[in-house]
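Worksheet: one structure, shown below.
The values are calculated or read from the model by the stated rules, or taken from the named source; none is laboratory data. The model shown is predicted, which means the values in this text are computed figures rather than measured ones. Please note: Cβ atoms are built from the backbone with ideal geometry, for glycine as well, and neighbour counts cover all protein chains shown. Heavy atoms of the whole protein, side chains included, go into the accessibility calculation; ligands, DNA and RNA do not. Shrake-Rupley method; radii C 1.70, N 1.55, O 1.52, S 1.80 Å.
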Amino acid sequence: MIDSIIEKLKQLRLYTFASNINPAIETAEEKNWSSLQVIDHLADLELNEREKNRVELRFKQSKLIVRPTIDQFDFNFHISRKNQKNKILNLMGLDFISQKKDIIMIGNPGRGKSFLAKCIAYAATQAGVKVLFTTAMDMINHLIAAEADHSLLKKLQYYESPVLLVIDEIGYLPLGSQGSNLFFQVISARHEACSTIITTNLSFAEWGNIFDSTTVATAIADRLVYNSEVIILEGPSYRERKNQKNKSK
């Protein structure tokens with residue numbers, strides 16, 4: 001009869017329940033569990049496994065390649081990191097997501113913007129949040145390609161739907177008229193609906209160099225700044241220091 005029950009559980013897609021039913025019965029005999037205790041134990045195992053799978057799926061969906069954690073971030077490297085430590089650690093709590101706040105990280109290359117953004121994004125996946133990590137140019141290139149093959153609405157939805165969208169490396173290349181308009185569409189759709197993290201090497205005053213016009217740049221900045229946390233990372237390049245240390249070894 002047990003084989004028949006296991007097969008039925010598999011048909012119901014209760015795979016963890018099915019694979020653990022024999023060990024659970026043995027444990028029940030040893031510990032004198034009631035039938036309800038056995039069922040409760042197996043249900044817990046099934047739920048825990050599903051949560052584990054859900055979290056892993058969120059990580060895969062995020063397009064993050066690494067799994068960075070905030071304990072790897074050197075807050076003592078520069079005074080700007082020390083001064084904003086509490087703010088950064090508070091962001092790791094992810095309350096900004098439920099508040100639909102945006103995060104803007106500004107600083108020259110090598111200051112830790114992307115790493116911090118990835119830390120927050122990874123923490124969000126572990127909390128079961130739907131996350132997408134992309135660079136600005138990858139997003140725009142995909143949107144332009146979608147516009148060319150008449151699938152733009154679907155691709156816009158891809159970038160508009162994540163609960164947390166991370167757009168990395170804004171400012172290294174100008175987006176042009178078409179790219180600026182597409183970027184504006186994404187930000188406008190997400191404004192006050194979901195959270196977005198932006199990393200950029202340019203101050204707000206310089207955003208006219210990224211987008212096609214000052215008008216578009218101002219419209220995008222206004223939406224992002226309206227309900228946001230701004231992190232400014234200064235000092236020398238942490239990446240360069242790390243590379244120099246590696247070379248000296």
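Dividing the Cα radius of gyration of the stretch 143-234 by 2.2 N^0.38 Å, with N the residue count, gives 1.06.
Counting only Cα atoms, the stretch 54-173 measures 49, 36, 26 Å along its principal axes, largest extent leading.
Order E51, E192, most accessible first, counting only protein heavy atoms with a 1.4 angstrom probe. Intermediate values should be presented prior to the final figure.
Details: E51 75, E192 110 Å².
Result of the area sort, largest leading: E192, E51.
Of S237, S177, S213, the residue with the largest accessible area leads and the full order is S177, S213, S237 (1.4 Å probe).
Which whole-number percent gives the relative contact order of the chain, counting Cα pairs below 8 Å spaced six or more residues apart?
On the way: 345 pairs, mean separation 58.6, N = 249.
Relative contact order, the chain: 24 percent.
For the pair K63 and K31, the difference between a 0.36 nm per residue extended length and the Cα-Cα distance amounts to 7.0 nm.
Rolling a 1.4 angstrom probe over the protein heavy atoms, how many square angstrom per residue are accessible across the stretch 57-130? In whole numbers, the stretch 57-130 has 48 Å² accessible per residue.
Could you order Y159, Y122, Y226 so the one with the most accessible surface comes first? Probe is 1.4 Å.
Working: Y159 5, Y122 35, Y226 155 Å².
Putting Y159, Y122, Y226 in descending order of accessible area: Y226, Y122, Y159.
Length gained on full extension, R13 to K87, computed as 0.36 nm times the residue gap minus the Cα-Cα distance: 22.3 nm. Of the chymotrypsin sites (Phe, Trp or Tyr not before Pro) in the stretch 24-108, not one is in a loop by DSSP (not H, G, I, E or B) with at most 10 other beta carbons within 10 Å. Going through (i) 64, 48, 47; (ii) 72, 52, 36; (iii) 51, 42, 38, the figure that equals Cα extents along the principal axes in Å as computed for the structure here is (ii). Counting 0.36 nm for each residue step from K130 to A193 and taking away their Cα separation leaves a gain of 21.3 nm. Only one residue of N141, I39, F73 has its Cα farthest out toward the positive end of the dipole of the chain, where Lys and Arg carry +1 and Asp and Glu -1 on Cβ, and that residue is F73.
Counting only protein heavy atoms and using a 1.4 Å probe, what share of the accessible area of the chain belongs to carbon plus sulfur, as a whole percent? Provide the component values of the computation, followed by the final result.
Numbers: 7090 of 13960 Å².
Summing carbon and sulfur atoms, their accessible area is 51 percent of the total for the chain.
In the chain, helices alone account for a calculated mean residue ellipticity at 222 nm of -17500 deg cm²/dmol, with every DSSP H run of four or more residues adding -39,500 (n - 2.57).
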